[in-house]
1. Which cross-chain or sequence-distant (5 or more) residues have an amide H under 5 Å from the amide H of Thr164, H modelled 1.01 Å from N in plane?
2. Under a Cβ-only charge scheme (Lys and Arg +1, Asp and Glu -1), can you give me the dipole magnitude of region 68-146 about the Cα centre, in debye to the nearest 20?
3. Out of the total accessible area of the chain (probe 1.4 Å, heavy atoms of protein only), what percent is carbon and sulfur?
4. Please sort through the DSSP H helices of the chain and keep those with an alpha-carbon extent of at least 15 Å along the long axis and a Kyte-Doolittle average not below 0.5.
5. Does region 1-145 come out rounded, prolate or oblate by the C-alpha gyration tensor, with a ≥ b ≥ c the root eigenvalues, rounded set by a/c under 1.5 and, if not, prolate when a/b is larger than b/c and oblate if not?
6. Determine ³J(HN,Hα), in whole Hz, for all residues of region 139-146 in sequence, where each value follows from phi through the Karplus function 6.51 cos²θ - 1.76 cosθ + 1.60 and θ = phi - 60°; x replaces Gly and Pro.
7. For the residue pair Glu140 and Asp201, what label-to-label distance in nm results when each label sits 7 Å from Cα along the Cα-to-beta-carbon direction?
8. Summing +1 for each Lys or Arg and -1 for each Asp or Glu, what net charge is found among the other residues whose Cβ lies under 15 Å from the Cβ of Asp123?
Amino acid sequence: MKIYNFHNQGERPYQEDSYYIDTDKNLYIICDGVGGSKAGSTASQEAINKIVSSFEKNNYKLNVNLLEEIIIDAQNHLIQLSVDNQDLKGMGTTLILFYFDDKNGYVAHLGDSRLYFIPKNKDEYWVTKDHSFVQELFDEGILKDEIAMKNHPYKNRITKALTTSRNLEIGDPSIKIIDNIQQGDFILLASDGALESYTTDELVNYFRDTQNSYEKKWEAFEKICLDKSRDNNTSIGLLVT
């Protein structure tokens, strides 16, 4: 894997995004915390800590059921932290996770942080489906396109997350296995702040452009986020080599 990443505060008064990169084990995570300065950053970092600990405990041997259990355990960890410290009550975080075991790519997510899988030799791409209020409005046909979703007053209202306010159940985390990942395929993980300036098609077409190297594309992508993103913005790019 060739790895690209950035982690910027944007115009927010504090940083609530956390991320994790393990190039040896091929585990990559982004969490976008909510709940204010202390609680949001604690939720995102503690969720990552617990997930990584669970991967280590299971020797990075994974299946779908185990991955779901790992995510639910992370939720329970946040709940216990909030019981021990009332200042953390109400905290939560989105999750986007990618784990590559040299055969398959495991994707897990909650909330509106996203993963894009952009194959080198196919026109199709795949992107996670947000757990958000505006996504539900789009699915019901009330909102007609992604521009309307981005401009909706409740665009930041998520419907699922790792949170202390409700228990996750089996089936709540969205999990997918991407098989047959090939050299030249590109995987992008991003918190919602890194996506403010792009529709899905715009972002995919941007990274499919063959006129520039991935290094130049990544540099320009981060600059757009630095110049225009109001929110914390974190992203990890993975080029399969």
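The values are calculated or read from the model by the stated rules, or taken from the named source; none is laboratory data. Keep in mind that this is a model prediction, so the values were computed, not measured. Using ideal geometry, Cβ is built from the backbone for each residue, glycine included, and neighbour counts are taken over all protein chains shown. Quick note on the areas: whole protein, heavy atoms, side chains included, nothing else; ligands and nucleic acids left out. Shrake-Rupley method; radii C 1.70, N 1.55, O 1.52, S 1.80 Å.
1. Gly90, Met91
2. The calculation lands at about 200 debye.
3. Result for the chain: 44 percent of the exposed heavy-atom area is carbon or sulfur.
4. Counting only whole DSSP H runs, the qualifying helices are 64-84.
5. oblate
6. Taking θ as phi minus 60°, the curve returns 4, 7, x, 6, 9, 9, 7, 5 Hz for region 139-146.
7. In this crude label model, Glu140 to Asp201 measures out at 2.5 nm.
8. Net charge around Asp123: -1.
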